[in-house]
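The structure under discussion appears below in the form of structure tokens.
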């Protein structure tokens, strides 16, 4: 496997890398819009080469778009940070994940609540409230001078993992303390809305004030 990272910052290392291989078939069936659109774009631009030589330039651009799209997916789950998650709602599917956004100094606990598509055709049953799941996240750094990351973007691995053993490995890597911290964090939330929730525990270093939303999502 090529260990070079093309879409993820090599200067930062996840505390618990997912080291997971994604099944492209499962990914396309679960998230079809972008991969199908990029594949059709490549085919359409290839047809242009039959009309004029300049079509090869467009084919190259389409090929690079496909390359970097799949590299981003691959590197998200290979180099991203593994965290335990809990299904807290179905129809639509809602998942809660806890992490510490600290860049190394301080303690900045948060819970992210996000949506995902429902269970796929591969036998994974995510439509069970209270089910524990494994997730892998990339972190956003919209406030470079802050001692914490501005946001993180978890995704569940069960529906898209190439190997069930990878799912079992990550689930086994989570400690009882991590699951307990997730449960306790959720209990602190009066409203379990979508988005990022700061946990103002006794150990947390958050300053008083509202949560600053990141400017964009990578």
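Evaluation of residue 142 against the conditions (1) free of Cβ contacts under 8 Å to residues at least 24 places away in the same chain; (2) over 26 Å from residue 119 (Cα atoms); (3) in a loop (DSSP other than H, G, I, E, B) shows that the sole unmet condition is (1).
Within the stretch 35-52, the set of residues being in a helix (DSSP H, G or I) and surrounded by fewer than 14 Cβ atoms within 10 Å (Cβ to Cβ) comprises 36, 37, 40, 43, 44, 47.
For the stretch 172-187, what are the residues that are farther than 13 Å from residue 97 by Cβ and in contact (Cβ under 8 Å) with a residue 40 or more places away in the chain? Break it down into steps so the answer makes sense when it comes.
Of the residues in the stretch 172-187, the ones farther than 13 Å from residue 97 by Cβ are 172-173, 175-177, 180, 184, 187.
Within the stretch 172-187, 173 is the sole residue that qualifies.
Here is the figure for the stretch 18-64: residues that are touching a residue at least 12 places away in the same chain (Cβ under 8 Å) and closer than 19 Å to residue 4 by Cβ total 6. Residues that are buried (at least 19 other Cβ atoms within 10 Å of the Cβ) and part of a loop (DSSP other than H, G, I, E, B) within the stretch 158-174 comprise 158, 159, 160, listed in sequence order. Within the stretch 11-34, the set of residues being over 17 Å from residue 162 (Cα atoms), part of a helix (DSSP H, G or I) and either in the same structural domain as residue 165 (by TED's automatic domain parsing) or touching a helix residue (DSSP H, G or I) at 6+ places or on another chain (Cβ under 7 Å) (or both) comprises 34 only.
The values are calculated or read from the model by the stated rules, or taken from the named source; none is laboratory data. This is a predicted model, so every value here is computed, not measured. As a convention, Cβ positions derive from the backbone with ideal geometry for all residues, glycine included, and neighbour counts pool all protein chains shown.
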